[in-house]
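First the structure, in the form of structure tokens, and then the observations on it.
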Amino acid sequence: MLKVGLTGGIASGKSVVGEMFVVLGAHLVQADRIAHSLMQPGEVVYNEVVQHFGREILNPDGSVNRAKLAELAFGSGSGEGKRTPRVEELNRIVHPAVIRSQEEWMNQVGCQDRRAVAIVEAALILEAGAGERFNRLVVVTCNSEQRAERFAARHKIDLESARKEVARRMAAQLPDEEKIKAAHFVINNSGSLESTRIQVRRVWEKLRSEADQNRAS
């Protein structure tokens with residue numbers, strides 16, 4: 001089995017690229033979905049997050065309001081009302097549990113299929129110090145304006161607000177230049193979907209070949 005990390009900055013198109021890999025035959029799990037499940041009421045991570053950030057992050061039904069948590073984590077406002085970013089505090093709670101879940105998932109995939117290409121899609125693989133857990137790292141990039149446009153469309157906000165929010169969140173991530181240095185493969189998602197699909201196919205052929213070689217050795 002080949003363990004692959006799929007990463008990139010916010011709104012770079014990681015999920016789109018991940019879906020393309022799945023169509024070609026990859027197994028994929030999204031770290032964001034793992035984190036979401038771990039923050040359900042009753043989970044250990046949920047309890048720790050509420051303890052550290054307060055009940056103000058909760059909806060009336062007790063579930064985590066992700067927008068309120070993001071506001072506390074990434075900081076907001078200016079002047080006297082400015083909040084200090086607490087994203088590192090949040091990551092210290094969430095990352096270890098997410099990484100454990102990823103490892104369990106990859107082990108299960110490997111037991112079921114020794115030729116598998118198991119892909120973990122996560123924005124903060126390098127920031128969490130988890131890069132060495134993977135055999136190969138794929139980094140997805142795009143230009144800054146496309147990033148803002150995609151974020152605006154996803155969250156249904158105006159473009160200027162999206163630019164500010166993307167900049168705020170990108171400040172908590174490694175710049176693309178640093179991610180690219182650590183990458184085995186880079187997929188530029190700035191062009192058309194077909195251009196991205198062609199790049200994904202090329203990378204997939206190499207990953208598939210490596211997975212087959214691993215099984216044979």
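The set of residues from region 20-42 being assigned to a helix (DSSP H, G or I), surrounded by fewer than 15 Cβ atoms within 10 Å (Cβ to Cβ), over 11 Å from the mean Cα position of the chain (by Cα) and not small (Gly, Ala, Ser) comprises VAL22, VAL23, HIS36.
Selection within region 1-19: residues that are over 22 Å from ARG115 (Cβ atoms) and assigned to a helix (DSSP H, G or I). The member of this set that is farthest from the chain's Cα centre (by Cα) is VAL16. Has region 93-111 got any residue that is in contact with a strand residue (DSSP E or B) (Cβ under 7 Å, 6 or more places away or on another chain) and of a type in the set (S, T, N, Q)? The answer is yes, given that some residue of region 93-111 is in contact with a strand residue (DSSP E or B) (Cβ under 7 Å, 6 or more places away or on another chain) and of a type in the set (S, T, N, Q). Each residue in region 169-199 was checked for being within 12 Å of VAL17 (Cα to Cα) and under 16 Å from the mean Cα position of the chain (by Cα), and 3 pass.
This table checks each residue for (1) of a type outside the set (A, V, I, L, M, F, W, C); (2) crowded, with 17+ Cβ neighbours inside 10 Å.
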{"residue": "ALA152", "(1), (2)": "no, yes"}
{"residue": "LYS156", "(1), (2)": "yes, no"}
{"residue": "GLU160", "(1), (2)": "yes, no"}
{"residue": "ALA167", "(1), (2)": "no, no"}
{"residue": "ASN189", "(1), (2)": "yes, yes"}
{"residue": "LEU193", "(1), (2)": "no, no"}
{"residue": "ILE198", "(1), (2)": "no, no"}
{"residue": "VAL203", "(1), (2)": "no, yes"}
{"residue": "ARG208", "(1), (2)": "yes, no"}
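Only a single item in (1) over 24 Å from ALA211 (Cα atoms); (2) surrounded by 15 or more Cβ atoms within 10 Å (Cβ to Cβ); (3) in contact with a Ser or Thr (Cβ under 6 Å, 6 or more places away or on another chain) is not met by ILE125, and it is number (1).
Just so you know, all these numbers are worked out from the coordinates, no wet-lab data involved. From a predicted model like this one, the values you see are computed outputs, not experimental measurements. Cβ coordinates were reconstructed from backbone atoms using ideal geometry, including for glycine residues, and neighbour counts include every protein chain displayed.
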